[in-house]
Amino acid sequence: MTASVFARSIPAVASGVEAFLSEVSRGLRPRADQLVDAVVDILGSELPELWRSEDLATGVRLAVSGHVAAVLDLNEHGLDVTEVKALPAGIEVARRFARHGVPINKLLRSYRLGHAGLLRQMCDEAARLTSDTELISATVITLGAQSFEYIDRASEQAVLAYQEERDQWLQRRLIVINEAGTRIGTTLDITRTAEELATVGTDHFADLVTVDLLDSVFQEEGVEPVPVPPALRRVAQQSIWDGCPEAEVGTGHKHIFPEDSVPARALATGQPQRHRITTSDVHSILLVPLQARGNTLGLVQFMRHRPTDPFDDDDLLLANEIASRAAVSIDNARRYTHERLTALTLQRSLLQQQVPEQPAVETACRYLPSGSRAGVGGDWYDVIPLSGARVALVVGDVVGHGLHASATMGRLRTAVRAFADIDLIPDELLTHLDDVVIRLEREEARGTDEISATCLYAVYDPVSRLCSLASAGHVLPALVTPPTRSGNGPTSCHVEFPQLPIGPPLGLGGLPFETVQFEVPEGSLLVLYTDGLIESRARDVDTGLTLLREVLAQAPTSLEDTCDRMLSALLPSRPSDDIALLMARTRTLDTDQVAAWDLPSDPAIVSEARTHASDQLSAWGLEDMAFTTELMVSELVTNAIRYGKPPIRLRLILHSTLTCEVSDTSSTAPHLRRARTFDENGRGLLLVAQLAGNWGTRHTREGKVIWAEQRLPAAGMPLRPI
């Protein structure tokens, strides 16, 4: 056939093919459902994953039905294939592909397979209607060209819908991950973090979430390798149904996964897994090990019930991402808890465990660790018995938190006790303590981190009722005087905050401290505390002092009750700073428990001093102690006359022990030494040291006091009731 003849025959052939295809389409129209079934069967055999979800399977069938109808309409009415648009059912199924995580290549293949199956049915129908091979060939060629154009246009729009849905899914995934980042790990509490993980899981993509942690997570020794079989503790579980009825293990219970079970394999391999179950309402499970810093902490299981769609790979990736973030938070909480317990144990072991009975004061104390992430701090209190029935009251605060602050606190408390043992006055004691802090800072070479602390040191004398106090950057105490009676009932206590000079914090060096004295009425209450009691982020110091004043004004008789009431009124459930609180109710020695004599600087007075002491002991009913006491008085008075400066004063104090004191205005302190055989001196102080239960020298602004204590043969005379 010549070219011109072929050219003239094309319109005729095309016209005949169009008419023939219209006839084929009309013939297939009554059997449209059979065509849909045939195409669906082809897709089912080639792409079985499309039928794992009822939602996706329904969408595929609707899309195939619309596709068959559109192709039959296209050929029956001779429509222009370039004007064909993707059907709504096709767009929707593309979105479902994206939502269910089916790869886009599966979507494109479904278009090719579906159209190829329909094309085969149309070709078979054409062969049934005619035996004209030329017409059949032209029909096949026309259908092939039409198929390419139709698939290109329909799949292009479906791919755009798929990608749009996929982008939205990824955006939702990022939102879920970001939400998990803000909702999980809000506290440094292991259980709370696990509960937050379970809640996030059920809020977004699971019907039931369980969180199991290895027992070693809760041990102080640290995380150990996963045991075989793994023993775990159910820490948290959350369900879309109230009460979590489908959970097999209750919260707080320990359980063991069988060695050959899927959870045990997930823990052993450390790899997240998807698992299907056919014998339970829970039909799909994601098992995700909780791993952080190379350690396996436990296992989280995300579950879905019927008829919810099973989990897909995208769900597994999302669950793994959330679990990874939660694992880091759980590990942080574990480390924080262990460090906090260690620091708290150290802190409590370094604090005074039991306050000894004091003739000068009745005491009650509290230490409350911080409830914030900062952890245990360096607050401390102390009650130190001193010579002459006096007592030292100490409250301090090391700047910082954690083990280092606790250890520094212990070193400073030991230093304070050592300085108190040599009876330093408050300002001198703080000066020496300041030097200790500076040396510690130099020795540790902590770079830019400085050691700093505050300290309040007070000495109360029950004989003179004087309180001597010095502060190194520390808040001043409260003084509560007993209520006065007016009319028919008692009035409230008077509360004041003495306006005293506050020195610089410890560790600055070179700046002076100042000791002040004030008289304290008998039965008064001295309240020493750290700044965490009155100051917080939500309350300024003035407000805190006002609350403190109100509580103390109505303070009950019991000091323990007063401490509890004060902490309840001033502190939240989780204070942001640790608190040390020390309360001391002052006592006073009766005048008949103290005897004093001014002595001239004359050796002849020594015998008279012995007589004074002997007579006083007889008045106290302590004649059995007269011989020993006379020897001690004789030696101490002789030393004061020989080496000291007048005036000289002898004082006997009877409380829980018998104290003998000799004071003079010389600052020279005697030293104990062992006299050799032919030495004429040096035996007096050694004799005193052997006779006394305890002895020492106390320096004052006016001079010094040499004192010696003896144990009483029976219980000491009681103090006057308050």
Out of Gly298, Gly252, sole residue that is part of a strand (DSSP E or B) and small (Gly, Ala, Ser): Gly298
Sole exception among (1) open to solvent by less than 10 Å² (accessible area, probe 1.4 Å); (2) in contact with a Cys (Cβ under 8 Å, 6 or more places away or on another chain); (3) not polar (S, T, N, Q) for Leu570, by number: (2)
Boolean, Ala580 is buried (at least 18 other Cβ atoms within 10 Å of the Cβ), small (Gly, Ala, Ser), outside any helix (DSSP H, G or I) and in contact with an Asp or Glu (Cβ under 6 Å, 6 or more places away or on another chain): yes
Per-region count, region 549-561, residues β-branched (Val, Ile, Thr) and either loosely packed, with under 12 Cβ neighbours inside 10 Å or under 15 Å from Ser524 (Cβ atoms) (or both): 1
Residue within region 58-65 that is over 17 Å from Gln146 (Cα atoms), β-branched (Val, Ile, Thr) and without any contact (Cβ under 8 Å) to a residue 40 or more places away in the chain present: yes
Evaluation of Asp260 against (1) of a type outside the set (S, T, N, Q); (2) within 23 Å of Val328 (Cα to Cα); (3) assigned to a loop (DSSP other than H, G, I, E, B) (one fails), failing number: (2)
For Val81: the one exception among (1) free of Cβ contacts under 8 Å to residues at least 60 places away in the same chain; (2) open to solvent by less than 30 Å² (accessible area, probe 1.4 Å): (1)
Residue in region 150-166 that is among the small types (Gly, Ala, Ser) and at pLDDT below 80 present: yes
Any chance Leu631 is in a helix (DSSP H, G or I), open to solvent by 40 Å² or more (accessible area, probe 1.4 Å) and among the hydrophobic types (A, V, I, L, M, F, W, C): yes
Any hit, region 128-144, residues being closer than 30 Å to Arg95 by Cα and touching a Leu at 6+ places or on another chain (Cβ under 8 Å): yes
Any hit, region 97-110, residues being buried (at least 17 other Cβ atoms within 10 Å of the Cβ), basic (Lys, Arg) and in a helix (DSSP H, G or I): yes
Per-region count, region 42-57, residues free of Cβ contacts under 8 Å to residues at least 12 places away in the same chain and either in contact with a helix residue (DSSP H, G or I) (Cβ under 9 Å, 6 or more places away or on another chain) or within 30 Å of Glu134 (Cα to Cα) (or both): 3
Residues located in region 417-469, provided they are within 20 Å of Val527 (Cβ to Cβ), assigned to a strand (DSSP E or B) and open to solvent by less than 10 Å² (accessible area, probe 1.4 Å): Cys455, Leu456, Tyr457, Ala458, Tyr460, Cys467, Leu469
Flag for Arg676 being farther than 17 Å from His612 by Cβ, of a type outside the set (A, V, I, L, M, F, W, C), modelled with pLDDT under 80 and surrounded by fewer than 22 Cβ atoms within 10 Å (Cβ to Cβ): yes
Selection count where residues are part of a strand (DSSP E or B), open to solvent by 50 Å² or more (accessible area, probe 1.4 Å) and aliphatic (A, V, I, L, M), scope region 312-371: 1
Scope region 585-601; condition out of contact with any helix residue (DSSP H, G or I) (no Cβ under 7 Å at 6 or more places or on another chain) and either more than 30 Å from Ala458 (Cβ to Cβ) or surrounded by fewer than 18 Cβ atoms within 10 Å (Cβ to Cβ) (or both); matching residues: Asp590, Thr591, Asp592, Ala596, Asp598, Pro600
Thr546 of a type in the set (Val, Ile, Thr) and either assigned to a helix (DSSP H, G or I) or surrounded by 22 or more Cβ atoms within 10 Å (Cβ to Cβ) (or both): yes
Residue among Arg642, Arg610 that is in contact with an Asp or Glu (Cβ under 6 Å, 6 or more places away or on another chain), part of a helix (DSSP H, G or I), farther than 13 Å from Ala708 by Cα and open to solvent by 30 Å² or more (accessible area, probe 1.4 Å): Arg610
Odd one out for Pro575 among (1) open to solvent by less than 20 Å² (accessible area, probe 1.4 Å); (2) closer than 26 Å to Leu466 by Cβ; (3) not in a strand (DSSP E or B): (2)
Some residue of region 182-199 being within 25 Å of Gly90 (Cα to Cα) and either touching a residue at least 24 places away in the same chain (Cβ under 8 Å) or open to solvent by 60 Å² or more (accessible area, probe 1.4 Å) (or both): no
Selection within region 470-481 - in a strand (DSSP E or B) and either touching a Ser or Thr at 6+ places or on another chain (Cβ under 7 Å) or open to solvent by 20 Å² or more (accessible area, probe 1.4 Å) (or both): Ala470, Ala472, Leu479, Val480, Thr481
Region 520-543: number of residues that are of a type in the set (A, V, I, L, M) and either assigned to a strand (DSSP E or B) or open to solvent by 10 Å² or more (accessible area, probe 1.4 Å) (or both): 6
Filter pass, Arg233 being assigned to a strand (DSSP E or B), open to solvent by 50 Å² or more (accessible area, probe 1.4 Å), of a type outside the set (Val, Ile, Thr) and at pLDDT 80 or above: yes
Inter-residue pairs, beta-carbon under 6 Å, first surrounded by 13 or more Cβ atoms within 10 Å (Cβ to Cβ) and in region 140-161, second of a type in the set (Ser, Thr, Tyr), 6+ apart: Ile151/Tyr111; Ser155/Tyr111
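The values are calculated or read from the model by the stated rules, or taken from the named source; none is laboratory data. Just so we're clear, the structure is a prediction, and the values are computed from it rather than from any experiment. When we count neighbours, we look across all protein chains shown, and the Cβ atoms used for this are built from the backbone with ideal geometry, even at glycine. The protein model used for the area step is the full one, side chains on, heavy atoms only, and it has no ligands, DNA or RNA in it. Shrake-Rupley method; radii C 1.70, N 1.55, O 1.52, S 1.80 Å.
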